[in-house]
Each structure stands twice: as structure tokens, then as C-alpha cells.
1. As an exercise: evaluate residue 65 against (1) assigned to a helix (DSSP H, G or I); (2) under 14 Å from the mean Cα position of the chain (by Cα); (3) in contact (Cβ under 8 Å) with a residue 12 or more places away in the chain and give the number of the one condition it does not meet.
2. Which residues, taken from the stretch 95-118, are within 16 Å of the ligand (Cβ to nearest atom) and assigned to a loop (DSSP other than H, G, I, E, B)?
3. Considering only the stretch 18-36, I want to know if a residue exists there that is within 16 Å of the ligand (Cβ to nearest atom) and modelled with pLDDT of 90 or more.
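The values are calculated or read from the model by the stated rules, or taken from the named source; none is laboratory data. In this text the structure is predicted, and so the values were computed from the model without any measurement. Methodologically, a virtual Cβ is constructed for each residue, glycine included, from the backbone with ideal geometry; neighbour enumeration extends over all protein chains shown.
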Amino acid sequence: MNHSFSERLAARELILIMTILGVVMGTLGCDKPDRGATQKADMRNVIIAAEIFRSEKQTYPTSLAELEDFLQQDIPTVDAWEQPIRFEFSKGGVKCSSNGPDRITGTPDDLVWMTQDEGF
Ligand SMILES: [Ca+2]
């Protein structure tokens, strides 16, 4: 699927606006979402970024470094509970997961986000 330059630009601008709003709201303390909501938003943004990467390059990123280079910014690798976020990259998609509030893998509170073309 090819997107016009303006569509790609609009998607990038949307991510930039979402990021700026998150930083501003966090800095001002005017929004104190629970850790789970913040974590879900962060992981969703990684998946959105992976989809934009694919729309431009016709393939998913194959590493965190490749996605960070594309975004020209670092991606958080620790979740809201200070545990490592797991990233899985394949030609068929990207998946990121967190152990959730209990910090234990494979329990019902785990958070998982993945691209539409799972490929796992
Ligand atoms: Ca868990």
C-alpha cells in the first residue's frame, strides 16, 4: 500500500503532536493516568511508528535501532513498572510486550501490542 507524501507527513505530524502533548501534560502534572494507561500508550505509539515505517519502506523494521533511526529518537525499553519491554521484530511485523503490574511473564495483566501483519 503506497501513501502519498502528504499522508505520510500527516501521520508523522500526528505522532509528533501526540508526543509533545504527552510531554507537556506530564511536565505540568495536569494528567496523571495510571501506569497501565501510560504504558499502553507508549507501546501503541511504537506499533504506529512501525506501521509508518512499513508504509514508507514496504517492510517492517527488523530491530529497535532501525526503528529509532527512522524516528530519530530513542524508544523507551523499560516499562512503567521499571521492567524491560520485550520487542520482537520480523519481516512480518513487530510485537512489543510488558509483564504488566505484577512484573511476571505470562499472567493476565501482561500488555501486548503488535502490528496487523503479525508474522510471529
Ligand atoms: Ca504479568
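1. Condition not satisfied by residue 65: (3).
2. 99, 100, 101, 102, 103, 104, 105, 106, 107, 108, 109, 110
3. no
Here is a yes/no grid of residues against (1) surrounded by 17 or more Cβ atoms within 10 Å (Cβ to Cβ); (2) over 17 Å from residue 42 (Cα atoms); (3) more than 16 Å from the ligand (Cβ to nearest atom):
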| site | (1), (2), (3) |
| --- | --- |
| 62 | no, yes, yes |
| 74 | no, no, yes |
| 80 | yes, no, no |
| 85 | yes, no, no |
| 93 | yes, yes, yes |
